[in-house]
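Reading through the structure tokens given below for one structure.
The values are calculated or read from the model by the stated rules, or taken from the named source; none is laboratory data. Note that the coordinates shown come from a computational prediction; the quantities given were computed from them, not determined experimentally. Glycine gets a Cβ as well: all are built from the backbone with ideal geometry, and neighbour counts include every protein chain shown.
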Amino acid sequence: MTEDAGETSADLGARFRFALEMVDTGVAIMRQNLRREHPDADAKEIERLVDAWLVTRPGAELGDGVGHPVDRFGTARCSD
């Protein structure tokens, strides 16, 4: 990755931290949605549902990266 003219490492770090905060916010929103959809579920069940969503959410079944799935860590899920 190359830095744009005038963009410092601190700027890049701030942008990365912001991206991580957005991920955390998205997970928190989904957790709240799941609580509304499953009002009788306990905290452990909600966390199981969040984990399942993180693995199978639409558009990211094979991960978020562009390209061909790899099995370097034994986690690639291919439909072939």
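Pairs are defined by a Cβ separation below 7 Å, a sequence spacing of at least 6 or placement on different chains, a first member in segment 5-31 that is charged (D, E, K, R), and a second member that is at pLDDT 90 or above and surrounded by 10 or more Cβ atoms within 10 Å (Cβ to Cβ); the pairs so defined are Arg31/Ile46; Arg31/Val50.
Results for (1) at pLDDT 70 or above; (2) of a type in the set (A, V, I, L, M, F, W, C); (3) outside any helix (DSSP H, G or I), shown as yes or no for each residue.
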{"residue": "Gly6", "(1), (2), (3)": "yes, no, yes"}
{"residue": "Arg15", "(1), (2), (3)": "yes, no, no"}
{"residue": "Ala19", "(1), (2), (3)": "yes, yes, no"}
{"residue": "Arg31", "(1), (2), (3)": "yes, no, no"}
{"residue": "Asp40", "(1), (2), (3)": "yes, no, yes"}
{"residue": "Glu61", "(1), (2), (3)": "no, no, yes"}
{"residue": "Thr75", "(1), (2), (3)": "no, no, yes"}
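Selection of segment 42-59 for residues being free of Cβ contacts under 8 Å to residues at least 24 places away in the same chain, of a type outside the set (Ser, Thr, Tyr) and part of a helix (DSSP H, G or I) yields Ala43, Lys44, Glu45, Ile46, Glu47, Arg48, Leu49, Val50, Asp51, Ala52, Trp53, Val55.
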